[in-house]
Amino acid sequence: MPIGNTIPVGIVGTGIYLPEKVLTNADIEKIVDTTDEWIRNRTGIQERRIISDDMATSDIAVRAAKMALQNAGVSAGEVDLIMVATISPDMFFPATACLVQKDIGAWNAAAFDLSAGCTGFVYGLAVGSQFIKTGMYKTVLLVGAESLSRSINWEDRNTCVLFGDAAGAVVLRQVEDGFGILSVELGADGSGHDLLKQAVQRTQAPGTEGNCRSAENYLTMAGREVFKFAVKIVGETALKAIESAGLQKNDIDCFIPHQANIRIIDAAAKRLDLPKDKVFVNVQKYGNTSAASIPVALHEAFLEGKIKKGEKVVLVGFGAGLTWGASVIKWAL
Ligand code: ACO
C-alpha cells in the first residue's frame, strides 16, 4: 500500500560487513556429494562467506551498523531505535539488537529483533519508517544480519550449498518531500511454515557447540516448493508495490530482489519486463544471506553507481513463514 502522505522517510546511509572467510563451490565439493557445475547451474552461487569462530551475528551486525551510521553522518547517540532482522540471533534472548546497542553505544535507543525470514529487512523498513512517520522517532537503525552457517547441517547437500553469512544496515530518517519510501506491500502464509524452518534454536554464540545436535536443530527446507512459491510471489508482490507507488513497470530504475537463486531472480525480472542492467545480482558472491541479502545488495548497488538520487528502486523479499514483502523507494542520496 502507499506509505501515506505524512513525513517522507528514506534511507540516509548504508553499511555492510562480509566475513573474510570465503567458501567456494570447490571447497563444498570436498564436504558433500555435489559439483561446482550443479551449484552454478541450479542456483548461480559460486562462493559464500562464513563467519569466523570468534564472532556471532551481533558482531557482524555491529560492523555493518557502524558503517551505515558513518555514511549517514549520524552519531550512535542520535539513534532512537535499533531493529535487527535475523533468524540466526546470538541467543534465544536477549535480542541481538540489545547487543548491537551496547557495542555501538546507542544509549538513547530502544532495541528489538524482528523475525520474518529472508523478508525481515523489508518488514523492518515498513516498521521502522512508521515510527518516523508518526513523529515518535527521528532516527532508526535497521540491520539485517545472519550467521546461518551455524544453522546448517553440513552433511545435507540440499541446503549447505545455498547459504552464507553477512550483515547489512541502513539508517532511516526524514528525507526531502517526494523522496524516500513510496510504498510497502507485506504478506504471510503460515500454512507454509513447515517448508523452511529451524525448529529448535541453537545458540549462535562464538566458541559454543550449540545445545544439542538433532535433526530439529538444523535448518531444513523443501527446496522445490519454496522455489515455486518464490517464482510466483516475487513478481506478483513487486507489481503490487509498483502500482501502490503510482508507478508503472518501466518507471523502475533498479530492481533488488532477495538473492537466493539466480533462476528466481531471472523469472521475476522477466515478469517485470526488466532488462538485465536494471537488475542487481550478487548471489554469485555471497549465496543466500537471508535478512542480510537485500541491505548488502542495496549498499553494493549504491556504491557501484547503479542507484542515483531520484531513481526508483524496488526491493523484494521472500522466505520462511512463509513471508514476502516489497517496497518502492525514490532514492534520496
Ligand atoms: N548437488 C547435487 N545435487 C543436488 C544438490 C547438490 N547440492 N542438492 C540437491 N540435489 C539433487 C536432489 O537430490 C535431486 O535429486 P533427485 O532428483 O535424485 O532427488 C536433484 O538435485 C533435483 O532437486 P530439486 O530440488 O528439484 O532441484 P532444484 O532444481 O529445485 O534446485 C534448489 C534446488 C536450488 C534448492 C531450489 O529448489 C531452490 O533454489 N529453492 C528455493 C530456495 C530458496 O530460495 N530458499 C530460501 C528462501 S529464503 C529464507 O527465508 C531463508
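The values are calculated or read from the model by the stated rules, or taken from the named source; none is laboratory data. The structure presented is a predicted model; accordingly, all values stated were derived computationally and were not measured. Methodologically, a virtual Cβ is constructed for each residue, glycine included, from the backbone with ideal geometry; neighbour enumeration extends over all protein chains shown. To get the accessible areas, we keep the full protein, side chains included, count just its heavy atoms, and leave off ligands, DNA and RNA. Shrake-Rupley method; radii C 1.70, N 1.55, O 1.52, S 1.80 Å.
Exactly one residue out of Thr6, Thr14, Thr35 is among the polar types (S, T, N, Q) and open to solvent by less than 50 Å² (accessible area, probe 1.4 Å), and it is Thr14.
Which residues, counting only those in the range 119-136, are more than 14 Å from Ser327 (Cα to Cα) and not β-branched (Val, Ile, Thr)?
Phe131, Lys133, Gly135, Met136
Taking the criterion of being open to solvent by 10 Å² or more (accessible area, probe 1.4 Å) and either within 9 Å of the ligand (Cβ to nearest atom) or under 28 Å from Ala97 (Cβ atoms) (or both), the residues of the range 38-50 that qualify are Trp38, Asn41, Arg42, Arg49, Ile50.
Being buried (at least 22 other Cβ atoms within 10 Å of the Cβ), more than 16 Å from the ligand (Cβ to nearest atom) and of a type in the set (D, E, K, R) is true for just one of Glu146, Glu176, Glu185. Which residue is that? Don't jump to the end; show me each part of the working.
Working: Glu146 fails: more than 16 Å from the ligand (Cβ to nearest atom); Glu176 fails: buried (at least 22 other Cβ atoms within 10 Å of the Cβ).
Just a single option satisfies the conditions, and that option is Glu185.
Arg213 meets each of the listed conditions (1) basic (Lys, Arg); (2) surrounded by fewer than 18 Cβ atoms within 10 Å (Cβ to Cβ); (3) modelled with pLDDT under 95; (4) within 16 Å of the ligand (Cβ to nearest atom) apart from (4). The single residue among Ala64, Ala106, Ala72, Ala97 that is away from the ligand (no atom under 16 Å from the Cβ) and touching a His at 6+ places or on another chain (Cβ under 9 Å) turns out to be Ala64. Apart from one condition, Thr24 fits all of (1) open to solvent by 30 Å² or more (accessible area, probe 1.4 Å); (2) away from the ligand (no atom under 16 Å from the Cβ); (3) hydroxyl-bearing (Ser, Thr, Tyr); the exception is (2).
Selection of the range 88-134 for residues being open to solvent by 30 Å² or more (accessible area, probe 1.4 Å) and in contact (Cβ under 8 Å) with a residue 40 or more places away in the chain yields Met91, Phe92, Leu99, Asp103, Tyr123, Val127, Phe131, Thr134.
Selection over the range 216-249 of residues that are within 22 Å of Glu146 (Cα to Cα) and open to solvent by 60 Å² or more (accessible area, probe 1.4 Å) gives a count of 1.
Taking first residues from the range 225-254 that are farther than 20 Å from Ser183 by Cα and touching a residue at least 24 places away in the same chain (Cβ under 8 Å) and partners that are within 12 Å of the ligand (Cβ to nearest atom) and acidic (Asp, Glu), no Cβ contact under 6 Å between residues at least 6 apart in sequence or on separate chains turns up.
Please note which strands (runs of 3 or more DSSP E) are completely contained in the range 90-201 and include at least 3 residues that are within 30 Å of Arg42 (Cβ to Cβ) and within 14 Å of the chain's Cα centre (by Cα).
140-146, 166-174
If you go through the range 1-50 and pick out every residue that is assigned to a strand (DSSP E or B) and not charged (D, E, K, R), you end up with 14.
Residue selection: Trp324 fails the criterion of being touching a residue at least 12 places away in the same chain (Cβ under 8 Å) and open to solvent by less than 10 Å² (accessible area, probe 1.4 Å).
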